[in-house]
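As structure tokens, the structure follows; a few thoughts come after it.
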Amino acid sequence: FKQKTAYEIMPSLVGSEMCIRDRTKAGISIFNRFINYYNSNKNNIPGWNQDEWKKIGISNRKKTYIENVFYNQKQICSLKKTNDSSLIRDELIKIKGIGNWTIDMFLIFSKNNLDIFPDGDLALINVIKSKYHVESIEQIIEIANKWSPYKTIATLYLWESLGDDFPN
């Protein structure tokens, strides 16, 4: 894993929660349109008009969440300097639109934390249920805890086993 720059953190954080959480082709397509538009219009997200958001495929609610991320970008980018997962969680959860799953994705993909298990990831939960023949979230977390300190690596392999177009 390579540490992300502040410039790379913002679309990564936005993309994880706002566009690809569903792991659907539509979500991936929206994420790709967002990234393409972002790359040509950096640092001006609050200035995008309603037609631009619609063209990308982002709802008003998600637009508001994305704007919240960008209004808080100094605070978010300051987290680049720390690897304290608790501090990162405490700071990011304060931003409306960012939840635990988004924070897990941030810790995995932007902070390169090797010991994260995103227990709110439905696709991951379903693949574990299927491969390990378990039903409860408690059983799933018990399995995931055995992978420590490399829960992220196991997570990446399980996502890859899905064989979808998700950008792992």
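The values are calculated or read from the model by the stated rules, or taken from the named source; none is laboratory data. Nothing here was measured: the structure is a model prediction, and the numbers come from that model. For neighbour counting, all protein chains shown are included, and Cβ atoms are generated from backbone atoms with ideal geometry for every residue, glycine included. Just the protein is used for accessible areas: all its heavy atoms, side chains included, with ligands, DNA and RNA removed. Shrake-Rupley method; radii C 1.70, N 1.55, O 1.52, S 1.80 Å.
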Sticking with the crude label model, points 7 Å out along Cα→Cβ, report the distance from residue 160 to residue 26 in nm, one decimal please.
3.0 nm
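Quick one: grab the alpha carbon gyration tensor of the range 84-135, order the square roots of its eigenvalues as a ≥ b ≥ c, and give me rounded if a/c is under 1.5, else prolate or oblate depending on whether a/b is larger than b/c.
prolate
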What number results when the radius of gyration of the chain, computed over Cα atoms, is divided by 2.2 N^0.38 Å?
1.05
A chain fully extended from residue 41 to residue 135 at 0.36 nm per residue, minus the present Cα-Cα distance, gains in nm 29.3 nm
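Which pairs break 30 Å Cα to Cα here: 111/146; 42/129; 42/96?
Long pairs (Cα-Cα over 30 Å): 42/129.
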Give me the 1.4 Å probe accessible area per residue for the range 35-164, excluding ligands and nucleic acids, in Å².
55 Å²
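Tally up the carbon and sulfur contribution to the accessible surface of the chain as a whole percent, 1.4 Å probe, everything protein left in place. Could the numbers behind the result be given before it?
Working: 4470 of 9000 Å².
The C+S portion of the solvent-accessible surface of the chain is 50 percent.
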Report the relative contact order of the range 10-133, percent, no decimals, based on alpha-carbon pairs under 8 angstrom and at least 6 residues apart.
26 percent
